[in-house]
Amino acid sequence: MNSAVLLAALAAIVTMGQAPVVNAVVEHRAVANGLAREVEAIAQQGRTVWVGYRVPIARPRGERLNDAGCCSRCRLEPPTELVMLLKVDRSGVLEIRPEAVDCDIDASGAPLVWLDNVRPDESVAWLAGVAKDPLRPSGLADRALTGLALHASPAAVPVLLDYARTGVTAQVKGRALVWLAQRAADESIPAITAAIDTDPDTQVKKQAVFAVSQLPKDESVPRLIDLARSHRNPEVRRQAFFWLGQSKDPRAIEFFASILSK
């Protein structure tokens with residue numbers, strides 16, 4: 001890429017207030033007919049291209065969007081917006097990356113179609129379709145689920161509840177339960193309880209117990225103690241003991257002491 005094109009791309013980024021993507025060939029589009037149709041139209045152009053947009057971000061308890069921590073530039077305040085990056089070609093969506101706006105992303109000269117005025121509810125609906133499609137690779141579905149869970153839109157919570165109950169794989173169910181616990185504790189408890197008590201998949205049960213550990217401490221610790229003390233499933237009890245130990249809560253220590261003293 002020559003310097004004039006790079007400078008033009010960088011100028012577009014600054015003036016339009018978009019994601020901190022550098023070294024990209026940027027094309028702006030307004031979403032006129034819905035996000036799903038816009039992404040499909042871009043994919044059908046027959047080239048491999050990144051598509052990006054931004055929406056308000058939720059900050060679930062205990063969840064870090066960028067696991068590596070500070071990524072070349074860190075801000076004192078948490079980010080308020082989520083950047084969704086989608087890699088597409090004629091075959092469909094190849095990759096999904098939800099990113100915080102305080103991370104610099106080097107596009108290495110790749111084309112980037114930046115979508116303006118994306119409605120958060122439309123984004124949730126589109127990502128929900130990707131996450132629930134049994135033909136999608138599991139990694140892609142998981143990133144779609146992560147992306148929609150980080151949307152501040154209230155529309156994300158009922159989608160997560162649906163996936164927790166009817167997800168096509170144990171991984172989808174388990175991840176939805178964990179996100180629910182971090183994001184909407186009150187709404188999540190019936191779904192978590194049902195997964196622990198009735199789901200036939202042990203992996204879902206384990207993720208459900210982990211989800212309990214992600215509830216606020218005054219909710220999670222008593223529930224974990226009850227599970228460890230009396231649940232009929234030995235794996236559920238084992239997981240409850242483990243997450244109680246990780247909590248370092250005085251109530252958990254007292255519970256362990258009472259068991260050892262018997």
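Protection proxy ranking of 110-120, 175-185, by the mean of other Cβ atoms within 10 Å over each peptide's residues and highest first, is 175-185, 110-120. In plain terms, if you count all Cα to Cα distances in the stretch 77-159 and split them into 5 Å steps from zero, the share in each step is 3, 13, 24, 25, 20, 11, 3, 1 percent.
Which lysines does LYS248 reach when only Cα atoms under 17 Å apart count, and residues fewer than 8 places away in its own chain are ignored? List returned: LYS217. Taking a straight Cα-Cα cut-off under 16 Å and skipping sequence neighbours fewer than 8 places away in the same chain, the lysines within cross-link reach of LYS206 are LYS173. The three principal axes of the Cα atoms in the stretch 109-221 give end-to-end lengths of 48, 30, 24 Å, sorted in falling order.
Computed over the chain, the convex hull of the alpha-carbon atoms projects to a mean area of 15.6 nm². Taking amide H as placed 1.01 Å from N in the peptide plane, LEU94 has its amide H under 5 Å from the amide H of LYS87, VAL88, ASP89, each at least 5 places away in sequence or on another chain.
We did not get these values from a lab; they are worked out from the coordinates using the rules stated. Values in this document were obtained by computation on a predicted structure and should not be read as measured data. For neighbour counting, all protein chains shown are included, and Cβ atoms are generated from backbone atoms with ideal geometry for every residue, glycine included.
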